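Q: Take this structure first; my questions come after.
The values are calculated or read from the model by the stated rules, or taken from the named source; none is laboratory data. Quick caveat: nothing in here was measured; it's all calculated off a predicted structure. Note that we place each Cβ from the backbone using ideal geometry, even for glycine, and neighbour counts take in every protein chain shown. For accessibility, only protein heavy atoms count, side chains too; no ligands or nucleic acids. Shrake-Rupley method; radii C 1.70, N 1.55, O 1.52, S 1.80 Å.
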Amino acid sequence: MKDLFSNSDDTEVSALSQHWNAVIERLGNEYDERWMLRFVRPLRPAGQTGDKVLIDVPSQFTLDWVRNRLQDTIEQFLSDEIGRPISIELRKVQGGRDTVPSNESVVITPSAPSNQPSFIPNPNYRFDNFVVGQSNRMAHGGAQAVANDPGGQFNPLVIYGRSGMGKTHLLHSIANEMRRHRPNVRVEYLTAQVFAEEFVIALQTNKIDAFRRRIRSAEVWLVDDIQMVLGKDKTQEEIFHTFNFLQQSGRQMVFTADRPPSELFVMNDRLRSRLEAGLVTDIRLPDTETRIAILNTKAQSKGIELSFEVALAIAEAIQDDVRHLEGALTTVAAEASLSGQPITLDLVQPVLARSYSRQRPKPNMNLIITVVGRAEDITPEEIVGDSRRAPIVMARHISMYIQRRITGDSWKHIGKQFGGRDHTSVLHAVQKIDAMIAADPAFAAKVAWLTQLVTDGPDLSRQPGPVRG
Ligand code: ADP
Ligand code: MG
């Protein structure tokens, strides 16, 4: 039978059946084989006209089932494969039999509608109260450009930097800006952690269709802390396909990470290279001037009076994380109001001394090998030495890893400090530790603990830590 859809061009038909096989394979990763056999494998792509693909279905029951449960996903997967938005038309084949056994009932529930409201950002995270300095100028500029022209020049935008540098603040600023000026544009914000969790739940509860529809209806997609999906292969795969879908439709994407995309080592190569191809900007530690300005902004919003000398004292005492600056401000304000005194230097100094007196040593290589060595019962000399004994090599690699992550020192510099090793051996060590962290939660917890010890400034008089292995 020849109709609108039957395609005489054999190569196109075989291209379509290749795309179809890829779709079946992806569906097979997600759906129980029983369902695949009953509902999916009997489907046949019959032809393609433009952006529409005709699918033959053996029975009315299957047709209804697919329409209600699977159509969106099939369309999305086909679009992923073909590279542009594709819709499908289901056609019941004449003479097809209904093959539903009566004893195993299948409940048909229509998927949730996709017109859910946009994400509601934190109203306190706005561009107008984000202090711009040398450390964050590019990231801030990129975020503003995206808010003014979503899907424009900078897509995706990637912002990376350590914790407490204002990445989440910038993502919410974009969403707030959109709400103000383009309230009809649908914005979706998720931390990558939440994405992973929702994705798994959607798979388990057969709501993957609704999940995809929701995410893919975003016109601006904000993904916070993408490093949280390291080691989660299926989630990365889903993000990769979502990325492609949204990019083909010209939607804006913004990602944040705690490290540059090039260092997301245990990530799907294709996803990583997509991120690397975007506008990649970093946020570094703000300088003293910027920290003072941030303190003043926060003080103003909380109705706290802050003199310059007090702001300076706090900004100089706390240099690591903007969150800690805010914490100190809150403590100082509470102290003042409880004691009924104004916020003076005399009041502030003891507070700063109390909370931050362990005058945290700035993390450096010596501190790191001391901390790691203590925990692992290995001397710092052994760590930087030449021994190939496994526990020593491991301690060496962990130390290099921590140094890279928290100081951002160059591969070369770290190699030099670790007994004159070349930069590739540092790179490999960090890659290896990343892979181990992704594969082994206990190991990840141990490295996190060591890192915490280093950044908190350890109490070096303590006994070596209990964690081993
Ligand atoms: P990250 O996501 O990078 O860990 P956040 O965006 O959560 O950091 O920022 C931590 C806190 O510091 C927030 O309260 C945020 O408002 C504040 N902050 C960070 N950078 C700035 C800045 N440049 N101007 C104003 N506030 C900032
Ligand atoms: Mg954040």
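Q: So for the pair W449, H413, with labels modelled 7 Å out along Cα→Cβ, what separation do we get in nm?
A: Taking the two extended label points, one gets 3.0 nm.
Q: A further question follows. Can you give the convex hull volume of the alpha carbon atoms of segment 288-355 per residue, in Å³?
A: 73
Q: Counting each DSSP H run of 4 or more residues in the chain as -39500 (n - 2.57), what helix-only mean residue ellipticity at 222 nm follows after dividing by all residues, to the nearest 500 deg cm²/dmol?
A: For the chain, the value works out to -16500 deg cm²/dmol.
Q: Separate question: Which of the chymotrypsin sites (Phe, Trp or Tyr not before Pro) found in segment 393-435 are loop residues per DSSP with 15 or fewer other Cβ atoms within 10 Å of their Cβ?
A: none
Q: Something else: Rolling a 1.4 angstrom probe over the protein heavy atoms, how many square angstrom per residue are accessible across the chain?
A: For the chain, the solvent-accessible area averages 48 Å² per residue.
Q: If you don't mind, there's one more thing I want to ask. Using only Cα atoms, locate the centre of segment 371-450 and the centre of segment 332-356, then give the distance between them in Å, rounded to an integer.
A: Centre-to-centre (Cα) distance: 40 Å.
Q: Looking only at the chain, where both bridge partners belong to it, what percent of the DSSP beta bridges are antiparallel (to the nearest 5)?
A: Within the chain, antiparallel bridges account for around 20 percent of the total.
Q: Would you calculate the volume per residue, in Å³, of the smallest convex hull containing every Cα atom of segment 365-462?
A: 88
Q: Subtract the Cα-Cα distance of I406 and A442 from 0.36 nm times their separation in residues, and report this length gain in nm to one decimal.
A: 10.9 nm
Q: Can you give the extra length, in nm with one decimal, that the chain gains between R354 and A277 once fully stretched, where that is 0.36 nm per residue apart less the Cα-Cα distance?
A: Additional length available on full extension: 23.1 nm.
Q: Could you give me the ³J(HN,Hα) list for segment 148-160, computed from phi with Karplus coefficients 6.51, -1.76, 1.60 and θ = phi - 60°, whole Hz, x at Gly and Pro?
A: Rounded to whole hertz, the list is 7, 9, x, x, x, 5, 9, 9, x, 9, 10, 10, 10.
Q: Rounded, prolate or oblate for segment 149-222? Axes are the square roots of the Cα gyration tensor eigenvalues, ordered a ≥ b ≥ c, and the cut-off for rounded is a/c under 1.5.
A: Since a/c reaches 1.5 but b/c is at least a/b, the shape of segment 149-222 is classed as oblate.
Q: Can you list, bin by bin at 20 Å, the percent of alpha carbon pairs in the chain, starting at 0?
A: Result returned by the calculation: 20, 43, 28, 8, 0.
Q: Output the pairs from K362/K412; K298/K362; K207/K432 with a Cα-Cα distance over 32 Å in this structure; if there are none, say none.
A: K207/K432
Q: I've got another one for you. Give the long-range amide H neighbours of A257: residues separated by 5 or more places, or on another chain, with amide H under 5 Å away, using H modelled in the peptide plane at 1.01 Å from N.
A: Residues meeting the amide H criterion: I159, Y160, G161, D225, I226.
Q: Between segment 37-73 and segment 131-210, how far is it from one alpha carbon centroid to the other, in angstrom?
A: A separation of 35 Å, based on Cα centres.
Q: Using a 1.4 Å probe and counting only protein heavy atoms, arrange S163, S87, S337, S59 so the residue with the most accessible area comes first.
A: Final ranking, largest accessible area leading: S337, S163, S87, S59.
Q: Here's a follow-up. Please list, in order along segment 58-63, the HN-Hα scalar couplings obtained from phi with the Karplus expression 6.51 cos²θ - 1.76 cosθ + 1.60 (θ = phi - 60°), rounded to whole Hz, x for Gly and Pro.
A: x, 8, 5, 4, 4, 4
Q: For E309 and K52 in the same chain, what is the full-extension length gain: residue separation times 0.36 nm, less their Cα-Cα distance, in nm?
A: Gain on stretching E309 to K52: 85.7 nm.
Q: Once you have a ≥ b ≥ c as the square roots of the Cα gyration tensor eigenvalues for segment 127-282, tell me rounded if a/c is under 1.5, and otherwise prolate or oblate according to whether a/b is larger than b/c.
A: oblate
Q: For K52, give me every one of the lysines with a C-alpha distance below 18 angstrom, ignoring sequence neighbours fewer than eight places off in its own chain.
A: Qualifying lysines at Cα under 18 Å: K2, K92.
Q: Amide H to amide H, which residues 5 or more places from V53 or on other chains are under 5 Å from it, using H placed in the peptide plane?
A: S87, I88, E89
Q: From the phi angles alone, apply the Karplus equation (6.51, -1.76, 1.60; θ = phi - 60°) to segment 183-195 and give each ³J(HN,Hα) in whole Hz, x where the residue is Gly or Pro.
A: Residue by residue, segment 183-195 yields x, 8, 7, 7, 10, 10, 10, 8, 6, 4, 4, 5, 4 Hz.
Q: Aspartates and glutamates near K232 by alpha-carbon distance under 18 Å, same-chain residues fewer than 8 away left out - which ones?
A: E30, E197, E198, D224, D258, E263, D269, D434, D440
Q: Between Q153 and R34, what is the FRET efficiency for a Förster distance of 45 Å, r being their Cβ-Cβ separation, to the nearest 0.05?
A: It comes to 0.40.
Q: Then there's this: Please report the carbon-and-sulfur percent of the accessible area for the chain; probe 1.4 Å, protein heavy atoms only, DNA, RNA and ligands left out.
A: So the carbon and sulfur contribution to the accessible surface is 51 percent.
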